[in-house]
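Presented below is the structure to which this report refers.
The values are calculated or read from the model by the stated rules, or taken from the named source; none is laboratory data. Note that this is a predicted model, so its numbers are computed, not measured. Note: ideal-geometry Cβ built from the backbone for every residue, glycine included; neighbour counts use all protein chains shown. Quick note on the areas: whole protein, heavy atoms, side chains included, nothing else; ligands and nucleic acids left out. Shrake-Rupley method; radii C 1.70, N 1.55, O 1.52, S 1.80 Å.
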Amino acid sequence: MDQLPNISLEFLKENLEKKVESFTISQGTNPGDNYMSVLFSIDVKLDSEEPTKDKNVHLLTKCYPSHPTRQEFLNKSNMFWNELSVYKVLIPELEAVSKKMGVETKLDFPPFFGGKAINYCKLREIGDNSYIGKTFGPFENYIMMADMRKTLGFRMANRHIGLDMDHLALVIKAHAKLHALSWAYKKYYGLNSITEKFQFLKLEVTDEFNETWVRIMDNSMNLAAETIGGVLGEDSVLYSAILGMKKHIQAIVDGAFNDQFTEVLIGTTHRINPKGHKEGEGIKFKIIIPHFFQVQTVRFPPTHLCRN
């Protein structure tokens, strides 16, 4: 597990745009949660001069890992820049167009406070390879969000058990809303592809990267088929649907679909790990899409939806 980083009052003041009196920092996840990035929980006490009623701010900050291999993968994939651009650019744009269309929509993402990321793709385009072999500190690439566990009473879903069908349905609906709004954005502005406007949604897909994701998706679908076949039987409709979906996903990965059908989807880093539901409130409250995601196009759909 990565050591706690050194941060300052000025760093928090810059991100929160408020005076900070004090703060504490701790690990944001438990050992074994297996995120590609590193998460730190920061509890902030605002200065007494701040006009806000609640002087306590709880943050969850996603940072660059210290492990060189993980850094190399993130450098190649440009994931931090892409994700930061989603919070800073994509979400505000999609919500703004929904208002223009008269169907104001709030997407299911945690409140965003700030961040910083290096655009490694841009560096490669201009031939700047100075970053290769360099080790980056945790806050040279970071994304700062609200800690939903402490602000709204959410809890982490057990990744070994998964979600029940009611909560899974809520997650799929949240995915569908994002997908539909990205399609509406395209139509409103007359775009052929959503990536015409949001260049950061394009993926640099190497053969190595493609092969890795094919293996991940293949394993996911096989696990889903094995689980469903064991419970419902291999003659069940759902088992046949999973096998059919596997072929469909492979066709998508192979590029069989025109880019005009590319919309925005969210892929979590592993399984579906929303922050859970409010204690004692059942599924009355909508589930927030996981904080820990990478943006993908439909060519790399979130097949982990089938796992649960």
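Here Asp108 fulfils each of the conditions (1) of a type in the set (Asp, Glu); (2) within 30 Å of Tyr188 (Cβ to Cβ); (3) free of Cβ contacts under 8 Å to residues at least 12 places away in the same chain apart from (3). Within the range 215-261, the set of residues being farther than 27 Å from Leu201 by Cα and either at pLDDT below 75 or part of a loop (DSSP other than H, G, I, E, B) (or both) comprises Gly233, Glu234, Asp235, Ser236. Listed by first and then second residue, the pairs linking a residue in the range 186-197 that is more than 18 Å from Lys99 (Cβ to Cβ) to a residue that is part of a loop (DSSP other than H, G, I, E, B), with Cβ atoms under 8 Å apart and 6 or more places separating them unless they lie on different chains, are Leu191/Lys197; Ser193/Thr262; Ile194/Thr262; Ile194/Glu263; Thr195/Lys202; Thr195/Thr262.
Name the single residue, out of those in the range 12-64 being hydrophobic (A, V, I, L, M, F, W, C) and part of a helix (DSSP H, G or I), that is most open to solvent (accessible area, probe 1.4 Å). Can you show your working first?
From the range 12-64, those hydrophobic (A, V, I, L, M, F, W, C) are 12, 16, 20, 23, 25, 36, 38-40, 42, 44, 46, 57, 59-60, 63; that's our starting set.
Then keep just the ones that are part of a helix (DSSP H, G or I); that gives 12, 16.
Working: Leu12: 0, Leu16: 19 Å².
My answer is Leu16.
All of (1) open to solvent by less than 30 Å² (accessible area, probe 1.4 Å); (2) touching a strand residue (DSSP E or B) at 6+ places or on another chain (Cβ under 6 Å); (3) part of a loop (DSSP other than H, G, I, E, B) hold for Leu84 with one exception: (3). Residues that are open to solvent by less than 70 Å² (accessible area, probe 1.4 Å) and touching a residue at least 60 places away in the same chain (Cβ under 8 Å) within the range 230-251 comprise just one, Ile242.
Going by the conditions given, is Thr105 of a type in the set (Ser, Thr, Tyr), modelled with pLDDT under 90, within 23 Å of the chain's Cα centre (by Cα) and exposed (fewer than 15 other Cβ atoms within 10 Å of the Cβ)? For Thr105, the condition - of a type in the set (Ser, Thr, Tyr), modelled with pLDDT under 90, within 23 Å of the chain's Cα centre (by Cα) and exposed (fewer than 15 other Cβ atoms within 10 Å of the Cβ) - is not met.
Number of residues in the range 117-126 that are surrounded by fewer than 16 Cβ atoms within 10 Å (Cβ to Cβ) and either among the hydrophobic types (A, V, I, L, M, F, W, C) or in contact with a strand residue (DSSP E or B) (Cβ under 6 Å, 6 or more places away or on another chain) (or both): the value is 1. Restricting the range 127-182 to residues that are in a loop (DSSP other than H, G, I, E, B), crowded, with 16+ Cβ neighbours inside 10 Å and touching a Leu at 6+ places or on another chain (Cβ under 7 Å) leaves a set whose member that is modelled with the lowest pLDDT is Ala157.
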